Amino acid sequence: MCMQRPVLTMAVLLLVGVTLCSSSLSLAQAPQPSCPHPKEVKGFLTCADVEKAEKEGAVVYYGPDVERQLVGVLTKFHELFPAINTNQYLREQTGRLYAKLNAERQSGTYFADVLALSDYAPAFDLIKKHGYTTYVSPQLAAFDKSFISETPGMFTWYSLGVAGMTYNTDVMSAAEAPKSWKDLLDPKWREAVNFKDSASGLQGVQWFILRQLYGDTFWKDMTAQKPRTLPSTVQQYERVINREDKIIGLGQYSTYLEFKAKGAPLAFVTPTEGVVSTPAIVGILDKAPHPEAAKLFIDWFLSPLGQAAHIRLSFTYSPRQDVAPPPGAIPVSDMKILQPDWKEYVASHSKYVREWNALAGM
């Protein structure tokens, strides 16, 4: 996977040659694994003590993926390691998921072993709170350093999600459909557009990027459109398929591929400016009750075996170069990818939540 990533300034998109590539790191560059001699277990390398992991008997996963996808991944891992129970998990949007985790940890309760997030802001907050265990998986040698936390082993990208706009082809022609993000401000789409709610990491990225492209007025003007905000990407698509809304203003490509494969009358628009994009990241929590099972899961999940299983279920892209794109997808290298400077994005996150909730009438 290799993407041209635009560099965003306050109001101008400078298309310079910044390339984001998920090529494997050289041995000299790659972070050294947490053990000197990783072992191959069932087709992947691990530093986990497998015997201890199986005696622990469980791994508890908190993540934002659609429940069917999340359960599917956990089931694949359990099939490889039947002694490790994967029935305990929490699926929720990233914002609510992190709030739940914080509440548990503040009360001295530690249920979760592995945390997945679709937003950098809570990950940076968790680092400040010393909430991650630093575990350098042998799999990190296959990941570009831009896909790894600054201190390797805290979190790693496990998928890349992109979003454009989506519409129902039974009620709208390609000629009528918006072509640019700015087209969403056309009065003809008043009360006809839906987005995600403020708990969505990808929604925060879109908010940030379009403010940088078009200034503060873009989202202020969007308020007049009276858009609908929803907690689930599935709800977004169902409303357009059922003709309750006309356009998905933040249409996740993965959900589009999944519904399209089932025959839904949908078209995906790649805006002229580019698609917005955010990674999903995963790491092991401090004070995890099943630390060896967590290491084993992370090593499998980041391996080609785990990545292929996840991509088939989620229809997102893998950060690994040796894992095929999702079924029916165009190569991510054919897309113009818009991503923020993550530290600038994180610094603006509280402002995003306030402004987005105001837009939603909350």
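The values are calculated or read from the model by the stated rules, or taken from the named source; none is laboratory data. Note that the coordinates shown come from a computational prediction; the quantities given were computed from them, not determined experimentally. Neighbour counts are summed over all protein chains in view; Cβ atoms, including those assigned to glycine, are modelled from backbone coordinates with ideal geometry.
Filtered by the rule that a residue be small (Gly, Ala, Ser) and in a helix (DSSP H, G or I), the range 229-270 gives Ser254, Ala261. The condition (being without any contact (Cβ under 8 Å) to a residue 12 or more places away in the chain and either among the hydroxyl-bearing types (Ser, Thr, Tyr) or not assigned by TED's automatic domain parsing to the domain that holds Ser198 (or both)) is satisfied by just one residue among Gln69, Gln88, Gln106: Gln106. Against the numbered list (1) within 27 Å of Lys129 (Cβ to Cβ); (2) assigned to a helix (DSSP H, G or I); (3) modelled with pLDDT of 95 or more; (4) not hydrophobic (A, V, I, L, M, F, W, C), Arg96 comes up short only at (3).
For every residue, the table says whether it meets (1) of a type in the set (Asp, Glu); (2) over 22 Å from the mean Cα position of the chain (by Cα); (3) modelled with pLDDT under 95; (4) outside any loop (DSSP other than H, G, I, E, B).
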{"position": "Ala11", "(1), (2), (3), (4)": "no, yes, yes, no"}
{"position": "Val16", "(1), (2), (3), (4)": "no, yes, yes, no"}
{"position": "Ser26", "(1), (2), (3), (4)": "no, yes, yes, no"}
{"position": "Thr75", "(1), (2), (3), (4)": "no, no, no, yes"}
{"position": "Lys100", "(1), (2), (3), (4)": "no, no, no, yes"}
{"position": "Gly108", "(1), (2), (3), (4)": "no, yes, no, no"}
{"position": "Leu115", "(1), (2), (3), (4)": "no, no, no, yes"}
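One residue alone among Ala293, Ala347 is of a type outside the set (Ser, Thr, Tyr) and either in contact with a helix residue (DSSP H, G or I) (Cβ under 6 Å, 6 or more places away or on another chain) or touching a residue at least 12 places away in the same chain (Cβ under 8 Å) (or both), and that residue is Ala293. Considering only residues in the range 36-66 that are within 14 Å of Asp113 (Cβ to Cβ) and in a strand (DSSP E or B), the one that is farthest from the chain's Cα centre (by Cα) turns out to be Ala58. Please give the number of the condition Asp119 fails out of (1) crowded, with 17+ Cβ neighbours inside 10 Å; (2) at pLDDT 95 or above. Unmet condition: (2). Listed conditions (1) touching a Gly at 6+ places or on another chain (Cβ under 7 Å); (2) under 17 Å from Asp65 (Cβ atoms); (3) touching a residue at least 40 places away in the same chain (Cβ under 8 Å) are all met by Lys76, apart from (1). Do we find that Ala199 is modelled with pLDDT of 95 or more and outside any helix (DSSP H, G or I) in this structure? Criteria not met by Ala199.
Within the range 122-134, the set of residues being surrounded by fewer than 22 Cβ atoms within 10 Å (Cβ to Cβ) and not β-branched (Val, Ile, Thr) comprises Phe124, Asp125, Lys128, Lys129, His130, Gly131, Tyr132. Taken together, Asn194, Asn242 contain a single residue that is of a type outside the set (A, V, I, L, M, F, W, C) and under 24 Å from Thr316 (Cβ atoms), which is Asn194.
Tell me yes or no: at least one residue of the range 167-189 is closer than 30 Å to Leu305 by Cα, of a type in the set (A, V, I, L, M, F, W, C) and either free of Cβ contacts under 8 Å to residues at least 40 places away in the same chain or crowded, with 21+ Cβ neighbours inside 10 Å (or both). No: the range 167-189 contains no residue that is closer than 30 Å to Leu305 by Cα, of a type in the set (A, V, I, L, M, F, W, C) and either free of Cβ contacts under 8 Å to residues at least 40 places away in the same chain or crowded, with 21+ Cβ neighbours inside 10 Å (or both).
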